[in-house]
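Worksheet: one structure, shown below.
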Amino acid sequence: MTVDLHCHLDLYRNAVEVVAEVQRRGIAVLSVTTTPTAFRGTSRLAQGCPQVKTALGLHPELAGQREHELGLFDQLVAETRFVGEVGLDGSRRFAASRETQRRVFDHILRSCADAGGRVLSIHSRSAVAAVLDSLEAAPEAGIPVLHWFTGTARQAEAAVEAGCWFSVGPGMLQTPKSREILRLLPRTRILTETDGPFASTDGAPAYPWHVEHAIAALAELWDVSVSDTAAQLETNFADLIAASGP
Ligand SMILES: [Zn+2]
């Protein structure tokens, strides 16, 4: 089964059609959200479509305005084994909320630990070291999957050491530098994603079926066939789900 482990289904203008197409093609999608308030409505989008799972999130770019939704996060965390999009953003644009972001992320990790652990889709732009610090302080939070990783080689090694998985999409396959980083990551900890509709493919918003570009690029990078790459990714997804609990 093809997997898009990080997609903002609720942000497509034609979300209902996208879900229907995902179902027709049999793609597994992790539908991430950016606020706890969005969780219920986004879950409804996936009703009757068991291969779409909805994750409970609070995006670091919104942490500054949405810290008051942490109570709602704690109430909803029992309803899903997937959490995301969560994390930290260290870029200058969000410098003013850095402390709040940290407080929100640490609260979320504690909440996940209290709930018995979750699969976490994590944003770490310009903040890999801080994300790893928070994860280290909350080892029971669950299985961290760093989405759209843009750190250095050394940070990649530290993240692997810390038990992180990685979801790889169009943004990570474009530059020679990010391809070099990808080479350092264990093949058994890699999954595919699109980050649609934020990320784009050929100048248009990426859709879940565009993970096929990532599969082709990984095949080239690993120097194995596309079908062997797809099989490896399928095994990885099964392993991730198995590791996330019964
Ligand atoms: Zn995202």
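A search for C-beta distances below 7 Å between a residue of segment 91-106 that is more than 26 Å from Gly117 (Cα to Cα) and any residue that is at pLDDT 95 or above and charged (D, E, K, R), counting only pairs 6+ apart in sequence or on different chains, returns Ser91/Arg125; Phe94/Glu61. On the stretch given as segment 76-119, residues that are within 15 Å of Leu58 (Cα to Cα), of a type in the set (Gly, Ala, Ser) and touching a helix residue (DSSP H, G or I) at 6+ places or on another chain (Cβ under 7 Å) total 3. Highlighted here are the helices (runs of 4 or more DSSP H) found entirely within segment 150-246 that include at least 3 residues which are more than 16 Å from the ligand (Cβ to nearest atom), farther than 13 Å from Leu5 by Cβ and β-branched (Val, Ile, Thr): 226-243.
Scanning segment 137-148 for residues that are within 16 Å of the ligand (Cβ to nearest atom) and not β-branched (Val, Ile, Thr) gives Pro144, Leu146, His147, Trp148.
If I filter segment 194-202 for residues that are crowded, with 18+ Cβ neighbours inside 10 Å and either over 19 Å from the mean Cα position of the chain (by Cα) or among the aliphatic types (A, V, I, L, M) (or both), do I get at least one hit? Can you show your working first?
So in segment 194-202, the residues crowded, with 18+ Cβ neighbours inside 10 Å come out as 194-197, 199, 201.
Next, only the ones that are either over 19 Å from the mean Cα position of the chain (by Cα) or among the aliphatic types (A, V, I, L, M) (or both) stay: 199.
The answer is yes; a qualifying residue exists.
Any residue in segment 120-136 that is modelled with pLDDT of 95 or more, part of a helix (DSSP H, G or I), more than 27 Å from Val19 (Cα to Cα) and within 15 Å of the ligand (Cβ to nearest atom)? Yes, the conditions are met somewhere in segment 120-136. Scanning segment 53-68 for residues that are under 14 Å from Gly84 (Cα atoms) and either surrounded by fewer than 24 Cβ atoms within 10 Å (Cβ to Cβ) or touching a helix residue (DSSP H, G or I) at 6+ places or on another chain (Cβ under 8 Å) (or both) yields Lys53, Thr54, Leu56, Gly57, Leu58, His59, Pro60, Glu61, Leu62, Ala63.
Residues in segment 176-189: is at least one under 15 Å from the mean Cα position of the chain (by Cα), surrounded by fewer than 24 Cβ atoms within 10 Å (Cβ to Cβ) and more than 23 Å from Gly64 (Cα to Cα)? Yes, some residue in segment 176-189 is under 15 Å from the mean Cα position of the chain (by Cα), surrounded by fewer than 24 Cβ atoms within 10 Å (Cβ to Cβ) and more than 23 Å from Gly64 (Cα to Cα). With respect to the conditions (1) crowded, with 20+ Cβ neighbours inside 10 Å; (2) of a type outside the set (Val, Ile, Thr); (3) at pLDDT below 95, Pro205 falls short on a single one, namely (1).
The values are calculated or read from the model by the stated rules, or taken from the named source; none is laboratory data. Computed from a prediction, not measured in an experiment: that's the story for all the values here. Every residue, glycine among them, receives a Cβ derived from its backbone with ideal geometry; neighbour counts consider all protein chains shown.
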